[in-house]
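The values are calculated or read from the model by the stated rules, or taken from the named source; none is laboratory data. Since the model is a prediction, treat every value here as computed from it, not as a measurement. Cβ: placed from backbone, ideal geometry, glycine included. Neighbour counts: every protein chain shown.
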Amino acid sequence: MAAHDGLLWLLDTNTISELGRAQPSAQVVQRFTHEASACALAAVVWHELWFGVLRLPTGRRRDGLTHFVRSVAGGLPKLPYTEATARKHAELRAQLAAKGRILPEPDAHIAAVAITHGLTLVTRNTRDFKGLPGLQLANWFQD
């Protein structure tokens, strides 16, 4: 399936989270600033962001991250886990299992969303995702 609605990039949790740091990578900020309208999040990344916030004790840090999640991450399209995504997810897991390789469940889910929607996955963790059939990767921390 091809990318839709002008979307090109699916941001992994480590990439979108970088933007919420007190001193984020200037490279990541610059790329996001130029590419924001072409970015999306997998629903599982949205879950991971909120889980991270809700685990924090009440206070300034939690308030700041809540604002970030609502304002910055909240403005990005969220791509759901569909039947097609579930099928791709199962295919990836089976292919990896045949090679004796295990990818953490959220990562396999995110990869399946990227492949299904024809998007490039933007992650700092390219090593774990490398070699997945049909998955395009970008690392805004280095590229």
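Which residue is modelled with the lowest pLDDT, if the candidates are limited to region 1-23 and must be in a loop (DSSP other than H, G, I, E, B), surrounded by 14 or more Cβ atoms within 10 Å (Cβ to Cβ) and among the aliphatic types (A, V, I, L, M)?
Step one: filter region 1-23 for residues in a loop (DSSP other than H, G, I, E, B), giving 1-8, 12, 19-23.
With surrounded by 14 or more Cβ atoms within 10 Å (Cβ to Cβ) added as a condition, the list becomes 3, 7-8, 12, 19-20.
Add one more test, that the residue is among the aliphatic types (A, V, I, L, M), and what stays is 3, 7-8, 19.
Numbers: 3: 54, 7: 94, 8: 97, 19: 96.
My answer is 3.
Output the number of residues of region 36-60 satisfying the condition of being farther than 15 Å from residue 123 by Cα and either in contact with a Ser or Thr (Cβ under 6 Å, 6 or more places away or on another chain) or without any contact (Cβ under 8 Å) to a residue 24 or more places away in the chain (or both).
Counting residues in region 36-60 that are farther than 15 Å from residue 123 by Cα and either in contact with a Ser or Thr (Cβ under 6 Å, 6 or more places away or on another chain) or without any contact (Cβ under 8 Å) to a residue 24 or more places away in the chain (or both) gives 11.
For region 93-142, which residues satisfy the criterion of being at pLDDT below 95 and among the aromatic types (Phe, Trp, Tyr)?
The answer is 129, and nothing else.
Taking helices (runs of 4 or more DSSP H) that fall entirely within region 24-143, which contain at least 2 residues that are basic (Lys, Arg) and surrounded by 15 or more Cβ atoms within 10 Å (Cβ to Cβ)?
Fully inside region 24-143 and qualifying: 83-98.
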